[in-house]
1. Which members of the range A:46-97 meet the condition of being assigned to a loop (DSSP other than H, G, I, E, B), aliphatic (A, V, I, L, M) and within 16 Å of DNA strand C (Cβ to nearest atom)?
2. Name the single residue that is farthest from the other protein chains (Cβ to nearest Cβ) among those in the range A:41-65 being surrounded by fewer than 19 Cβ atoms within 10 Å (Cβ to Cβ) and in contact (Cβ under 8 Å) with a residue 40 or more places away in the chain.
3. Looking only at the range B:198-214, how many residues end up being under 16 Å from A:LEU228 (Cα atoms) and surrounded by 15 or more Cβ atoms within 10 Å (Cβ to Cβ)?
4. Identify the residue in the range A:215-225 that is part of a loop (DSSP other than H, G, I, E, B) and buried (at least 17 other Cβ atoms within 10 Å of the Cβ) and, among all such residues, is farthest from DNA strand C (Cβ to nearest atom).
5. Which residues, counting only those in the range A:187-201, are modelled with pLDDT under 90, facing another protein chain (nearest Cβ under 10 Å) and over 12 Å from A:GLN161 (Cβ atoms)?
6. I'd like to verify a number: residues in the range A:45-74 that are within 20 Å of the chain's Cα centre (by Cα) and more than 19 Å from B:ARG52 (Cα to Cα), how many?
7. Between a first residue in the range B:209-229 that is over 13 Å from B:ASP186 (Cα atoms) and more than 10 Å from chain A (Cβ to nearest Cβ) and a second residue that is at pLDDT 90 or above and within 15 Å of DNA strand D (Cβ to nearest atom), which pairs have beta carbons less than 6 Å apart while being 6 or more apart in sequence or on different chains?
8. If we keep just the residues of the range A:75-104 that are surrounded by 14 or more Cβ atoms within 10 Å (Cβ to Cβ) and among the hydroxyl-bearing types (Ser, Thr, Tyr), which is farthest from the chain's Cα centre (by Cα)?
Protein chains: 2
Amino acid sequence: MAVAKVLENPDLESALRTIKEGLARNHLLIVIGECYIDYEGRSASKLGLGERMVIVKQDGAVLVHRPKGYSPVNWQPSTTTIEVWLRSGEGLSLMAVRNRPREYLRILFTRIFLIIEGVFHDAAEFVMYLSESEIRDIIFDNPDLLEPGFKPLEKEKRIGQGAVDIFGLDSNNNHVLVEIKRVMGDRDAVFQLYNYVENYKSGVNSNVRGILLAPSFTPGALELLAKLKLEFKEIDLKKLRMLSQSGRKKPDSTLLEYMNDGRKG
Amino acid sequence: MAVAKVLENPDLESALRTIKEGLARNHLLIVIGECYIDYEGRSASKLGLGERMVIVKQDGAVLVHRPKGYSPVNWQPSTTTIEVWLRSGEGLSLMAVRNRPREYLRILFTRIFLIIEGVFHDAAEFVMYLSESEIRDIIFDNPDLLEPGFKPLEKEKRIGQGAVDIFGLDSNNNHVLVEIKRVMGDRDAVFQLYNYVENYKSGVNSNVRGILLAPSFTPGALELLAKLKLEFKEIDLKKLRMLSQSGRKKPDSTLLEYMNDGRKG
DNA sequence: ACATCTATATCGCCC
DNA sequence: GGGCGATGTAGATGT
């Protein structure tokens with residue numbers, strides 16, 4: 001059962017009791033109300049009175065959401081201890097503390113509209129397609145996608161402090177370092193590749209090629225690639241996705257069917 | 001008024017009606033239920049049946065939260081169009097589509113435990129202390145914190161494609177570029193500074209110093225700074241915070257008072 | 001525990 | 001609108 005309790009317009013004493021009970025049971029809590037928020041830790045912030053939604057998850061993660069936008073205005077990731085108390089004339093406080101790094105989040109409610117307490121049963125597996133590591137594996141298994149005659153030898157080869165995605169030899173036995181980006185390649189990606197190539201060069205006595213693989217490139221990245229004498233190649237994510245899907249169990253096609261139908265029933 | 005409607009254990013037809021009404025009014029919606037989720041866009045993902053909480057914000061942002069953790073398992077940032085429909089034998093679908101980049105998020109509910117519809121009034125200003133730009137301003141106004149005799153001349157000076165945080169002259173009239181990080185300085189930060197210095201050097205005929213300012217540095221960053229003949233200096237955030245607070249209206253001290261008291265009333 | 005890197009990063013600023 | 005850089009980035013991974 002997902003929702004255990006719904007409490008509308010409670011006075012702050014009832015709210016305190018309900019929140020304490022929910023926390024003790026490690027249930028998920030949603031508290032909607034008017035509040036002030038203070039944060040102090042790696043940085044510090046302050047937010048004046050307003051209506052917001054506070055979520056305390058079953059692992060103690062705390063999120064404070066305003067009416068708009070993807071990001072919570074304040075939050076605390078899961079490793080927290082949570083205290084709640086009531087001080088007359090002030091309101092109901094919820095304080096979430098994290099140790100590493102040491103951070104304090106305090107929410108001071110002056111008024112509460114709604115409290116929901118629940119337990120969520122959710123054991124389903126989350127499957128993500130075409131992550132960067134998956135692209136790397138596909139290129140490794142289909143090296144001609146990079147260039148004819150490429151012989152991949154090692155994934156995630158440690159170089160200096162980092163690891164280059166693919167190391168291998170081209171048809172002339174030049175050493176090749178391949179850096180892969182799943183999104184548009186930018187100057188940072190070029191610097192990363194440059195760092196690998198320079199680091200690697202210092203250890204060997206042969207020609208070393210660096211290739212940046214991405215679905216597209218910013219002008220700044222292309223300019224820098226030329227300046228640093230590095231190479232690049234576009235990858236076709238759609239093509240890769242098809243290669244990826246043919247190699248394993250077919251995913252549900254409900255979404256694609258909808259998109260192809262263009263209707264909503 | 002924040003909460004306009006609470007609907008417990010609705011059948012899917014009532015749920016459809018309520019959600020459609022809420023969307024039409026641009027209200028915030030919370031839907032708690034059992035659902036499948038498909039996403040396709042920059043990447044693609046699939047999530048099997050489980051109990052989750054879906055938030056549709058007043059700007060159309062959609063968040064799907066599982067019982068644990070800071071991050072939503074699936075989401076759609078604000079610029080979306082949202083459709084909802086019911087197909088018998090399947091369930092209630094909510095589809096959020098974004099155009100740039102083109103992305104689809106479909107949530108298929110088989111069962112709904114709770115729907116909340118509300119309007120949040122929240123005009124309060126969010127104030128963040130000691131962001132990077134604030135550190136920059138403090139250094140600019142207190143140049144001796146960098147080194148005695150430093151004369152800052154320009155903030156956010158455009159160099160190439162980016163902008164260096166502070167440009168100025170040292171006591172020997174050398175040109176100085178200062179890059180500031182409010183977190184531990186890493187190799188990326190050094191590359192960023194290096195890029196500014198090289199770019200700037202090509203335009204002038206004098207000595208150019210590059211200084212990385214951060215509260216601490218990774219070993220990799222220190223190594224790279226030496227190799228690239230760049231400088232670094234530690235900044236004391238605690239000291240800066242005091243300078244920052246003395247220079248403007250005093251922030252609420254409720255949180256600090258609590259921390260000093262060590263009690264919860 | 002620490003350093004490094006990825007992300008459907010998101011968000012905001014400036015050209 | 002695209003590029004670029006900051007973020008209390010969070011979270012995963014390797015050492």
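The values are calculated or read from the model by the stated rules, or taken from the named source; none is laboratory data. Small disclaimer: the values here were computed from a predicted structure and weren't measured. Cβ atoms come from the backbone with ideal geometry, glycine included; neighbour counts cover every protein chain shown.
1. Here is the first cut: in the range A:46-97, the residues assigned to a loop (DSSP other than H, G, I, E, B) are A:57-61, A:66-73, A:77-79, A:88-90.
Checking which are aliphatic (A, V, I, L, M) leaves us with A:61, A:73.
Passing the criteria: only A:VAL73.
2. Result: A:GLY41.
3. Our first condition is that a residue be under 16 Å from A:LEU228 (Cα atoms); within the range B:198-214, this holds for B:198-199, B:202.
Of the ones still in play, those that are also surrounded by 15 or more Cβ atoms within 10 Å (Cβ to Cβ) are B:198-199.
So the count comes out to 2.
4. Our first condition is that a residue be part of a loop (DSSP other than H, G, I, E, B); within the range A:215-225, this holds for A:215-216, A:218.
If we keep only those that are buried (at least 17 other Cβ atoms within 10 Å of the Cβ) too, we end up with A:215, A:218.
Working: A:PRO215: 11, A:THR218: 13 Å.
For the range A:215-225, the residue satisfying everything is A:THR218.
5. Those that are modelled with pLDDT under 90, facing another protein chain (nearest Cβ under 10 Å) and over 12 Å from A:GLN161 (Cβ atoms): A:ARG187, A:ASP188, A:PHE191, A:TYR194, A:GLU198.
6. Number satisfying all stated conditions: 4.
7. Pairs found: B:GLY210/B:LEU177; B:GLY210/B:LEU193; B:GLY210/B:VAL197; B:ILE211/B:VAL178; B:LEU228/B:TYR194.
8. Applying the filter and picking the extreme gives A:SER93.
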